[in-house]
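Taking it in order: structure first as structure tokens, then the write-up.
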Amino acid sequence: QRFVPSPCHILEFSQLVTQAIWFHDPMAVVRQLPHLADRHFRLVAKQKLTITQLQQLKELDAEKKEELLKEMPDELRKDVEQVIQSLPDVDVQLKWEVEDEAGIYENDVLNLSVRVDRKHYPDDYTRMADQDEASDPLLTKVEMSEEEIEEILAKIDDEEEREARREELLEEDRELWFAKQERKRELARARARGGKGWFASGAPPRVVHAPFYPYERTEQWYVMLVDTKSGKLIHHTKLITHNAVETVVLRFLAPKEGLYQYEVLVKNNSYIGADKKLPFKIQIDKPPVEEAVSAEAAAAAAEAAEQEEEEEEEGAL
């Protein structure tokens, strides 16, 4: 788990084997389409098309696509179009936070949420859930931030009144959070009654277009968190469902104070040019003095309690 190149090379080799394509082929992405012959690859070279990602292939200009496929019979052209539409197209979004804390400090447990939307999959309950939540008046309400709360409290001079108002604001946020969870459950039940959701087993697996592979193969996706500077693999997981939208949470310990550069790699096992790389930075700060003191006090209390238990056990013996 220490270094990144090995697992990446294994997955990239799996892609080449699945699609029956040789190493370092500049036409590797285009060769995944059916019915193409040498003359088609010469046309790609003549048009000076550099296609290294499936997204480029899916967004190819209509005129260039027509020029590329003009000598192909209509039936075969339809096959090519169907395969292009079925090729992976994933959108990845990241969100990181520490539970119950506004900042990110040394030794905090960081929760990195990686949301993968497989846009080439048909709509299912996971994508419909996003659509419902984006349009629902209750779910679009935002809880107050600590800065907003402090701004309101700064206008109150009396300390007791200020603390009472703080509790009221925090209670309002808690009530809003619970109301949102209940609303999400209501929407989920409504989708289930309307037949818009998959059963508990999830969506069926999606079969890969791989005409030269001797067995049927299904899409698999892997998520890796990488420390860019050290090249170390911090965390990794596999998407376990075949739903259109899936979110995984990678938990890891925040390092020492500083600015850190990370990358999230989303890689698949079967298609060349479908992988995603998302770089991002996280600023780690030293914990506030109060937190550091309370953490030290808690550690000392825990150590004293453990020592007292050991002494009691020795006395009992």
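Values for this structure:
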| read-out | value |
| --- | --- |
| Placed amide H near Ser270: partners under 5 Å, 5+ positions off or other chain | Gln220 |
| In sequence order, calculated HN-Hα J values of segment 45-57 (Karplus, 6.51, -1.76, 1.60; Hz; x Gly/Pro) | 5, 5, 7, 6, 8, 9, 10, 10, 10, 4, 4, 5, 5 |
| Unit charges at the beta carbon, dipole of segment 53-104: most positive-side option, Leu60, Ser86, Leu76 | Leu76 |
| Table column - 3J(HN,Hα) (Hz), segment 234-246, Karplus curve with 6.51, -1.76, 1.60, x for Gly and Pro | 7, 7, 8, 7, 10, 5, 9, 10, 10, 6, 4, 10, 9 |
| Around Leu43: net Lys/Arg minus Asp/Glu count, Cβ-Cβ under 12 Å | +3 |
| Amide H within-cut-off set for Val4, under 5 Å, with H built and near neighbours excluded | Leu233 |
| Whole-Hz couplings from phi, Karplus 6.51/-1.76/1.60, listed for segment 221-231; x for Gly and Pro | 10, 10, 10, 10, 9, 10, 7, 4, 5, 8, x |
| Cα-based shape type of segment 37-83, given that a ≥ b ≥ c are square roots of the gyration tensor eigenvalues and the cut on a/c is 1.5 | oblate |
| Radius of gyration and maximum dimension Dmax of segment 137-284, Cα, Å | 22.9, 77 |
| Segment 202-283, accessible surface, carbon-and-sulfur percent (1.4 angstrom probe) | 54 percent |
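The values are calculated or read from the model by the stated rules, or taken from the named source; none is laboratory data. Everything numeric here is computed off the predicted structure, so don't read it as measured data. Every residue, glycine among them, receives a Cβ derived from its backbone with ideal geometry; neighbour counts consider all protein chains shown. To get the accessible areas, we keep the full protein, side chains included, count just its heavy atoms, and leave off ligands, DNA and RNA. Shrake-Rupley method; radii C 1.70, N 1.55, O 1.52, S 1.80 Å.
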